[in-house]
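Notes follow the structure.
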Amino acid sequence: MDQDEKTSRQKERSRVAPQSRPAVYAAMSPRAGDVPAEYHPSALHDPAARSRYPTDLHALAFVDPLTGLGNANRLRETVREIATERAADPAPFTIGLANLDGFKPLNDLFGHDAGNEILCQVARRLEACMPDGSTVIRMGNDEFAFVLPLVFERKGAERIGHMLKEVLQAPFDLAERTVRLSASFGFAVYPFAGEAYDDLLKSADTALYRSKRRGRGQITVYSQEIAQEMRRATQLEQALRNAIIADEIDVHFQPIVSLDTDMVVGFEALARWCDRDLGYVSPAVFVPLAEERGFIDALSETLLRKAAEAALLWPKELFLSFNLSSAQLMDLSTSSTVLAIIHRVGLDPRRLELEITETAMMSDADMAQKIVKELRDAGVRISLDDFGTGQSSLGRLRDFTFDKVKIDRSFVCRIVNDRASEHIIKAIVTMCDGLGLEVVAEGIEDFAEALKLKGLGCGMGQGYFYGKPADATATLRYLRERYLPTDAKRPIAI
Ligand code: C2E
Ligand code: MG
Ligand code: MG
């Protein structure tokens, strides 16, 4: 769900749910649970029932025809009724939104009828497990809502969220197969998250949007802090989009050295952005943001082009290491895009290394495997970045074909005083040796760490001790002043 989708969903809702309705309609409107039989989905296949279907248009305006639950109009009415009831004694209540994760691909894969069947099963499950007095609504597509009159605060909403999440996680039966789903949730507590219906729903929507951005199966209860966080992210996104258009994102280079000779063997490209108003923004913040908001491709392509152009001016034996983001490992066009860029620039693919993380590969391992294979077939080398953190699995080292492993800084920074870190690094180095993989230790900050790593047989190192990331001009100057080709057999002085 991106920003555009969110805005259009909000517009859609205000269209579907009229701002005010004569009170007489409310009395006629059916509630979830007492849907007339002719409106139930099964009735759609009954011609006799179908002929009766459009007769009570007012009632119909409050029912979701597929599931028989109430619809967005019903939600508006229910919230208004409770708010009016509680006007004298303003006790809080909660509304929630649930959006199924990855429903569209399921629908595409199994077909519309199967998709509808799942939505009906979701509706029945939600109805069955909701606390007494609650109302379940289908807002449209794969989105459901609920009103929880007896949930007064964040903890209660989270508890319900976890319960619903579990209920929806159980497999769904579809003819001969079973299907598994997850759902994301957003809750808003009245009146803190909004007194007017539209404000309350918008808050629940903001909470849901945050859950969606954080991955699958997340639960968020709206708060001022969350609203603030979302505003900051949107402000950042706007600034980042402008910076990309204005070509203000730069790329810096950090040396990677051979620990044996202290010679530079390559550089890692690291994105840099300094905004006029926001100041320095870390790539650890803006790269994930660009991924979430769907413009990582544009950013990454510009950065790779700039990095490859800079690398053309370095001695030919030096490699360029470039970080691929997780979204790029889920997009089959990544390999052709990367190869086209370096081909246009004129960089030999054998001088390019791409850094990927295990967590990034997890989302779609088959797809990641295909992309990695295509790139390796073209001569590009692959490094496993931040090894030892995230969702590490030794199985991945066996199943995937990598060329290099980069040991995460969190182990390296403790190597001198912490025996456990030392043993872990020792084990990684031995294992990589056996698997024929090169090893780089990340984040080496002093001589003692460098010495220790060298003693453990680690081949390469990177860190402030050897050089901080610097722009293309400074990198060239560094190379001119300090780098000597390998055949000179003289280490550079750093
Ligand atoms: P990474 O790929 O693991 O990059 C190494 C990070 O460690 C860099 O942070 C680098 O500046 C920092 N570092 C290197 N040596 C030391 C040291 O001795 N001490 C300390 N404290 N830090 C050290 P940076 O540049 O802030 O980048 C953070 C992360 O952002 C990167 O982690 C990478 O995951 C991501 N990133 C950076 N540039 C790009 C890019 O162009 N594309 C993508 N997809 N991700 C990028
Ligand atoms: Mg990296
Ligand atoms: Mg790293």
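Readers should treat all values here as calculations from the given coordinates under stated rules, not as data from a laboratory. Just so it is clear, the structure is predicted and the values come from calculations on it, not from any experiment. When we count neighbours, we look across all protein chains shown, and the Cβ atoms used for this are built from the backbone with ideal geometry, even at glycine.
With a simple spin-label model that places each label point 7 Å from the Cα along the Cα-to-Cβ direction, the separation between residue 403 and residue 477 comes to 3.1 nm.
Multiply the residue gap between residue 169 and residue 337 by 0.36 nm, knock off their C-alpha separation, and tell me the result in nm, one decimal place. Don't skip to the answer; put the middle values down first.
Working: separation 168, 0.36 × 168 = 60.48 nm, distance 3.67 nm.
Extra length available between residue 169 and residue 337 comes to 56.8 nm.
With only Cα atoms counted, segment 226-334 has Rg and Dmax values of 15.8, 52 Å. Ranked for footprinting exposure by Cβ neighbours inside 10 Å, fewest first, 460, 139 give 460, 139. Basic side chains Lys and Arg get +1 at the Cβ, acidic Asp and Glu get -1 at the Cβ, and with that the dipole of the chain about its Cα centre reaches some 300 debye.
Angle of helix 224-245 to the longest C-alpha principal axis of the chain, folded into 0 to 90 degrees and rounded to 10: 50°.
Sorted on the mean count of surrounding Cβ atoms within 10 Å across their residues, most packed first, peptides 111-121, 84-94, 427-437 read 111-121, 427-437, 84-94. For the chain, the residue among 170, 413, 211 whose Cα projects farthest onto the positive side of the dipole built from Cβ charges is 413.
Gain in length, residue 180 to residue 364, computed as 0.36 nm per residue apart minus the alpha-carbon separation, to one decimal in nm? Before the final figure, lay out each step's value.
Details: separation 184, 0.36 × 184 = 66.24 nm, distance 1.61 nm.
Contour length minus the Cα-Cα distance gives 64.6 nm.
Counting only DSSP beta bridges with both residues in the chain, tell me the antiparallel percent, nearest 5. It would help to have the intermediate numbers written out before the result.
Details: 39 of 65 bridges.
Antiparallel: roughly 60 percent of the beta bridges in the chain.
Convex hull of alpha carbon positions in the chain: directionally averaged projected area 28.7 nm².
Can you tell me which of 273-279, 303-309 comes out highest on packing, and rank the rest after it, using the mean Cβ neighbours within 10 Å? Provide the component values of the computation, followed by the final result.
Working: 273-279: 12.4, 303-309: 21.0.
Result, highest mean first: 303-309, 273-279.
Each of 452, 155 was scored by other Cβ atoms within 10 Å of its Cβ. Arranged with the fewest first, they read 155, 452. Compared with the direct C-alpha span, the chain from residue 416 to residue 225 gains 64.8 nm at full extension, assuming 0.36 nm per residue. To the nearest 0.05, what FRET efficiency results for residue 87 and residue 234 with a Förster distance of 41 Å applied to their C-beta separation? Efficiency, from the Cβ-Cβ distance: 0.75.
Sorting 176, 438 from the fewest to the most surrounding beta carbons within 10 angstrom yields 176, 438.
Here segment 270-373 is treated with +1 on each Lys and Arg Cβ and -1 on each Asp and Glu Cβ, and its dipole about the Cα centre works out to around 420 debye. Could you give the angle, 0 to 90 degrees to the nearest 10, between helix 197-213's Cα long axis and the longest principal axis of the Cα atoms of the chain? The answer is roughly 30 degrees. Between residue 282 and residue 445, the distance separating the two model label sites (each 7 Å from Cα on the Cα→Cβ line) works out to 1.3 nm. The angle between the Cα long axis of helix 3-16 and the main principal axis of the chain comes to about 0°, on a 0 to 90 degree scale.
Please find the FRET efficiency linking residue 426 to residue 468, where r is the Cβ-Cβ separation and R0 is fixed at 30 Å, and quote it to the nearest 0.05. Walk me through the intermediate numbers first.
Numbers: r = 28 Å, r/R0 = 0.92.
Step by step, r from the Cβ atoms, then E = 0.65.
Rank by packing, highest mean first: peptides 395-402, 327-334, with packing defined as the count of other Cβ atoms within 10 Å averaged across residues.
Descending mean neighbour count gives 327-334, 395-402.
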